[in-house]
Each structure stands twice: as C-alpha cells, then as structure tokens.
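Structure, as structure tokens:
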Amino acid sequence: MAQTVAQPTADTPAVPAKLPLRTIAPWAVFLGVLMLVLLYFVGAEQGATSVVNGTDVHEWVHDARHLLGFPCH
C-alpha cells in the first residue's frame, strides 16, 4: 500500500484581518454594562439597595452568591 506525505508549500502565511475598534466598541460597552448589571444582581440585590421588592431575586441567585464568595446570610 502506498503512503503519501503532505509536503509543505511556499505559500505566503495567512495574516489575520484587522478589525477596526469602531466595530468592537459598541459590543464591548454592551457586554460591560450587561456584566455590571449581572454583578449587581448577584452581589448586592438585597436589603437597603434592593431594586426589586421581596426575596425572589435573592433566591434565584443564591447559589451564585456562595459560589462567587458573596456573603448573604
């Protein structure tokens, strides 16, 4: 049985396309704000700074608080 071996060619190396900052910036800002809102709900949504009345949000993110090291008891 004949075996073939791939030989390297002298092609030019692939250069990644440049991505302008203007295309990335809106998504970066959106994701940053989204992460801050998530951090607020996991870390501070209870007590005097509560935006939502009751303990529903606290119960939904209770395990995440413990996993991330936020005290809640």
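Laboratory data are not the source of any read-out in this text; all were calculated from the coordinates shown. What you see is a predicted model; the values in this text were computed from it and never measured.
In sequence order, what are the phi-derived ³J(HN,Hα) couplings for region 37-42 according to the Karplus relation 6.51 cos²θ - 1.76 cosθ + 1.60 with θ = phi - 60°, rounded to whole Hz, with x for glycine and proline?
Working through the residues one at a time gives 5, 4, 4, 4, 5, 6 Hz.
Would you mind calculating the gained length between V52 and V33 on full extension (0.36 nm times residue separation, minus the Cα-Cα distance), in nm to one decimal?
Here the segment from V52 to V33 would lengthen by 5.0 nm.
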